[in-house]
Amino acid sequence: MKKKLGVLLALFVLIGMVLTACGDEKSTAKNGEDGETYEIKWYTVGTPQPDTEKVFEEVNTYIKDKINATVEMTQIDWGDWDQKSQVMINSGEPFDIIFTNGTDYIQNAQKGAFIAIDDMLDDEGKDLKDTINPTLLEGIKVNGKIYGVPSNKEAARQTVYTFNKRLVEKYDFDISKVSKLEDLEPMLKVIKENEPSITPMATFNAYLPYDYIFNHEMPFAIPFEGDTDKVINHFESDLTMETYKTMHEYFNAGYLKQDAATSKDSWPMDVENWFVRMGDSQPYADLLWSRAAKYDVVSVPAEQPVTINDSVSGAIQAISATSDNPEKAMEFLNLLNTDPYLRNLVDKGIEDVHYTKNEDDVIQDLPARIERYNVPTYSLGNHFILYLYENDPKDKWDKFQDFNESATEAPTLGFHFNSDPVRTELAAITNISNEFYPALATGSVDPEEYLPKYNEKLKDAGLDKVLQEIQKQFDEWKSKQ
Amino acid sequence: MRKKYRDPQHLHPFVNKIITVLLGILAIACIFPFIYVVIISLTSEETIVKNGFQLIPEAWSGEAYQYLWSMKGQLFRSYGVTIFVTVVGTAISVLMITFYAYAISRPQFKYRRFFTMFAFFTMLFSGGLVPMYIVVTQFLELKDTVWALILPLTMNAFYIIIMRTFFMKSVSESILESARIDGASEWRIFFQIIFPLSLPGIATIALFSTLGYWNDWFQALLYINDPDLVPLQSLLMKIESNLEFMRENMDVANMQQSLFSTIPQESAKMAMVVIATLPIAVSYPFFQKYFISGLTIGGVKE
């Protein structure tokens, strides 16, 4: 038996060696350094489009002269993206550029899956660095280094209450006075009494003015105002209690659906069955939403624009550590984000095939753009050099600029907690939060009873230890700023 | 009072009735979800949004099937891929599994213990997703080929063990011996004696394989980017997970609504389930034939 196991092991080792040998041979090929054209492999999110090949033929003839490279863009469908991109990264597959965002970006950057581009930004990416909003680059730093090119668009988040305009006008509500949850009460009451087919509130989690270390469900936050040096459990604050009490009153009054805590209903805009909802805004968002809904909506802010980690890392194109030629990839990203022709070609397709343009550089989609080349604008790059549509306001990009400049920086912008030391505690806390948060935030249960219960359970699960660890890392990070 | 004569082969009529009713309920429970899916696929979308799923919907509509017809290019393409993968995959898979299982079922084969171990080992320890992915994409370079949908599923240690036991139990050594005496080669023995004698076992494996290939979407998720190579189930899965993504990312969805305008609604999803399930349900009876005939085999008296 021992002998046989030995043979088995030897066989495995042998196979392994043969296979790795094959692998090495391949990776040294086509480096593109001795004047040869380098092919950049680019993976990004979105449903694969029939005309991608056609568009990228144009792209390639254009960029071949400029940077002596060609690009092969592969789109991975929305729902497949998380799993597929993660396997690709973990397996060390060779490619050059990949889309990433949010916590995926942070984790992969910490793991070393991406190349830090700080030096390249002063060289190949100089033009890019000059045009991009510096807050974005600052905000996505992981351990002091930049690991990707964020899409230059809105850098801040502004949560808003959005109203169904038809109903607002019908009952002559004054929504300009709304700024917090409590202000909604009289309107909800009228709607509930007079509009039986309308659910007064589309299900949402009550807004709380905190900067979250992980996300809104986890009990670790720093207030936007007041003591911004101390990490707290915001579920212990009076403000949270008051807000959830209000939410619970609304729930009891039937302003929300009774299955709010468990429902997965997404409340699509084009179904007119709601009166008020919450969402993240950007300049002229009402216009976009009204177009999506096919009826008018109107919003009022629930907070001032604030730049947080999530809002700066919403869309990033990162260069993979497995890239054979990161400089070429950077040159391409630089061109994509600074050259209006290339950016619009990649985003809108080919002129007169996918869109038409008039002399003022204002465009209109042709059916082919929707049917054959419909790519997600937000993920691809710089928005400020995109052509405007006929029904876009002329000052759209100026408004974006103003929006970004008006935003305040959140206390944790650029701070990324390393959760390794408290992994067990965090797992337990996540479970508890999954249990309590949805019920509390939608007002489905009485906060007077359940909020203290929630906090007690959190304490038992090791909340204080995690808070201390976060505080420690936060202080360290702060002292280096 | 005279006792009624009762045939011991038959159940008491009352018991019979109870069992019939119980089995009937079970059968309905099995088939009901599918009927429900068919009903939903024929419900108008508006009614679903307004009333949710209903057994007898307010308004019927064939718009879901019209929608599917409008995407027939992709649908037929995916159908083709699924059928090709299922047929070719099942053939290759059955051949490889029976070859392997037959070899390790024969006592004359010197290394049978080693190769049994070799297969069995993979049932206890698997390399996991990432090594598998590396092998398929980087060493075998199967990414975006139809073979990536076939080859990773061909061998299955569990089926090998089942077949090995089946060969050992159902094919007596004396039959093979008589064949050898008559001068049959190993190939001839395998294809003309073993194969027909083991049809029930092979049909079982073939059915499992067919189902496995037909229902597989995970290989496509991992290895296929080319829309021309997406099998039916993967197409269905994509629609489902895209809907899920849309739900979780309403901000993206609402900002660029045209992006998701092509994702079908609930009824179309169900229509697709109907279309994806029917052929495989139809193929069941073909296999069933072998299960019954298998019981009548018996060629050796000892």
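Test of the criteria: in region A:381-412, which trypsin sites (Lys or Arg not before Pro) are in a DSSP loop and have at most 13 other Cβ atoms within 10 angstrom of their Cβ?
A:K394
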### Query
Under the classification rounded if a/c is under 1.5, otherwise prolate if a/b is larger than b/c and oblate if not, where does chain B fall, given a ≥ b ≥ c as square roots of the Cα gyration tensor eigenvalues?
oblate
### Query
So which trypsin sites (Lys or Arg not before Pro) in region A:245-291 pass both tests, a DSSP loop state and at most 10 other Cβ atoms within 10 Å of the Cβ?
A:K264
### Message
With θ taken as phi - 60° and the coefficients 6.51, -1.76 and 1.60, list the Karplus ³J(HN,Hα) couplings across region B:24-31 in order, rounded to whole Hz; mark glycine and proline as x.
### Response
x, 4, 4, 4, 5, 4, 6, 8
### Message
Projecting each Cα onto the charge dipole of the protein assembly as shown (Lys/Arg +1, Asp/Glu -1 at the beta carbon, about the Cα centre), which of B:L151, B:F118, A:P209 comes out farthest on the positive side?
### Response
B:F118
### Message
Under a Cβ-only charge scheme (Lys and Arg +1, Asp and Glu -1), can you give me the dipole magnitude of the protein assembly as shown about the Cα centre, in debye to the nearest 20?
### Response
5620 debye
### Query
At a Förster radius of 30 Å, what calculated FRET efficiency corresponds to the Cβ-Cβ distance of A:E359 and A:Y284, to the nearest 0.05?
0.80
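Rounding to the nearest 20 debye, state how big the charge dipole of region A:110-201 is about its Cα centre with +1 on each Lys and Arg Cβ and -1 on each Asp and Glu Cβ.
So the magnitude is around 360 debye.
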### Query
Using the beta-carbon distance between A:Q107 and A:E456 and R0 = 30 Å, what value does 1/(1 + (r/R0)^6) give for FRET efficiency, to the nearest 0.05?
0.45
### Query
Mean projection of the alpha-carbon convex hull of region A:230-309 over all orientations, in nm²?
7.5 nm²
### Query
Got the relative contact order for chain B handy, in percent, Cα pairs under 8 Å and 6 or more residues apart?
28 percent
### Message
Placing +1 on the Cβ of each Lys and Arg and -1 on the Cβ of each Asp and Glu in region B:72-294, which of B:V135, B:P196, B:Y290 has its Cα farthest towards the positive end of the resulting dipole?
### Response
B:P196
### Query
So what does the Cα-only Debye profile of region A:205-247 read at q = 0.24, 0.34 Å⁻¹, as log10 I(q)/I(0), no solvent term?
-0.81, -1.36
### Query
What's the angle, to the nearest 10 degrees (0 to 90), between helix B:157-170's Cα axis and the longest principal axis of chain B?
40 degrees
### Query
Tell me, how many Å apart are the Cα centres for region A:294-351 and for region B:168-229?
52 Å
### Message
Probe radius 1.4 Å, ligands and nucleic acids ignored: give me the carbon and sulfur share of the accessible area of region B:72-294 as a rounded percent.
### Response
68 percent
### Task
Could you sort the residues of region A:266-304 by number and keep only those whose accessible area is reduced by 50 Å² or more in the all-protein-chain setting relative to the chain alone, 1.4 Å probe?
A:S266
#### Entry: Cα long-axis angle, helix B:72-105 against chain B (0 to 90 degrees, to the nearest 10)
20 degrees
### Query
To the nearest Å, what is the center-to-center distance of region B:132-158 and region A:174-201, using C-alpha atoms only?
57 Å
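Under 1.5 on a/c is rounded, so check that first for region B:159-215, then, if it is not, pick prolate when a/b is larger than b/c and oblate when it is not; a ≥ b ≥ c are the square roots of the alpha carbon gyration tensor eigenvalues.
Values: a/c = 3.46, a/b = 2.24, b/c = 1.54.
Prolate shape, in that a/c is at least 1.5 and a/b is the bigger ratio.
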### Query
With the other protein chains left in place, how much accessible area per residue, in square angstrom, belongs to chain A at a 1.4 angstrom probe?
45 Å²
### Task
Find the Rg to Rh ratio for region B:13-63, where Rh is the Kirkwood radius over alpha-carbon pairs and Rg uses the same atoms.
1.26
#### Entry: Net charge dipole size for region A:293-358 [Lys, Arg +1 and Asp, Glu -1 on Cβ; Debye, nearest 20]
160 debye
### Task
Only bridges with both residues in the protein assembly as shown count here: give the DSSP antiparallel percent, nearest 5.
60 percent
### Message
Whole angstrom only: what separates the Cα centroid of region A:52-70 from the Cα centroid of region A:390-429?
### Response
33 Å
### Query
Considering only DSSP states other than H, G, I, E and B, which chymotrypsin sites (Phe, Trp or Tyr not before Pro) in region B:57-140 qualify as loop sites with at most 15 other Cβ atoms within 10 Å?
B:F109, B:Y111, B:F125
#### Entry: Kirkwood Rh, Cα atoms: Rg over Rh of the protein assembly as shown
1.02
### Query
Along the positive direction of the dipole of the protein assembly as shown (beta-carbon charges: Lys, Arg +1; Asp, Glu -1; about the Cα centre), which of A:P223, A:Q83, A:A302 reaches farthest?
A:Q83
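Please give the calculated 222 nm ellipticity per residue for chain A, where each DSSP H segment of at least 4 residues contributes -39500 (n - 2.57) and the sum is spread over every residue; nearest 500 deg cm²/dmol?
Taken over chain A, the calculation gives -13500 deg cm²/dmol.
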### Message
In region A:66-106, what residues drop by 20 Å² or more of accessible area when the other protein chains are put back, versus the chain on its own? Use 1.4 Å, and skip ligands and nucleic acids.
### Response
A:T74, A:D77, A:W78, A:G79, A:D80, A:Q83, A:K84, A:V87, A:N90, A:S91, A:E93
### Message
For the interface of B with A, what's the total buried accessible surface in square angstrom, probe 1.4 angstrom, rounded to the nearest hundred?
### Response
3800 Å²
### Query
Along each of its three principal axes, how wide is the spread of alpha-carbon positions in region A:225-360, in whole angstrom units, largest first?
57, 43, 29
### Task
Could you estimate the translational diffusion coefficient of region B:1-143 from the Stokes-Einstein equation, with Rh from the Kirkwood formula over C-alpha pairs, at 4 °C and 1.567 mPa s, in whole µm²/s?
57 µm²/s
#### Entry: 10 Å binning of all Cα-Cα separations within region A:348-446, expressed as whole percents from 0 upward
11, 23, 19, 20, 21, 7, 0
### Summary
Ordering A:88-101, A:298-311, B:12-25, A:453-466 by per-residue average of other C-beta atoms within 10 angstrom, highest first, gives A:88-101, A:298-311, A:453-466, B:12-25
### Query
Taking the Cα atoms of region A:305-351 alone, what are Rg (to one decimal) and Dmax (as a whole number) in Å?
13.9, 40
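The values are calculated or read from the model by the stated rules, or taken from the named source; none is laboratory data. Being a predicted model, the structure only gives us computed values, none of them experimental. Neighbour counts run over all protein chains shown; Cβ positions are idealised from the backbone, glycine included. Heavy atoms of the whole protein, side chains included, go into the accessibility calculation; ligands, DNA and RNA do not. Shrake-Rupley method; radii C 1.70, N 1.55, O 1.52, S 1.80 Å.
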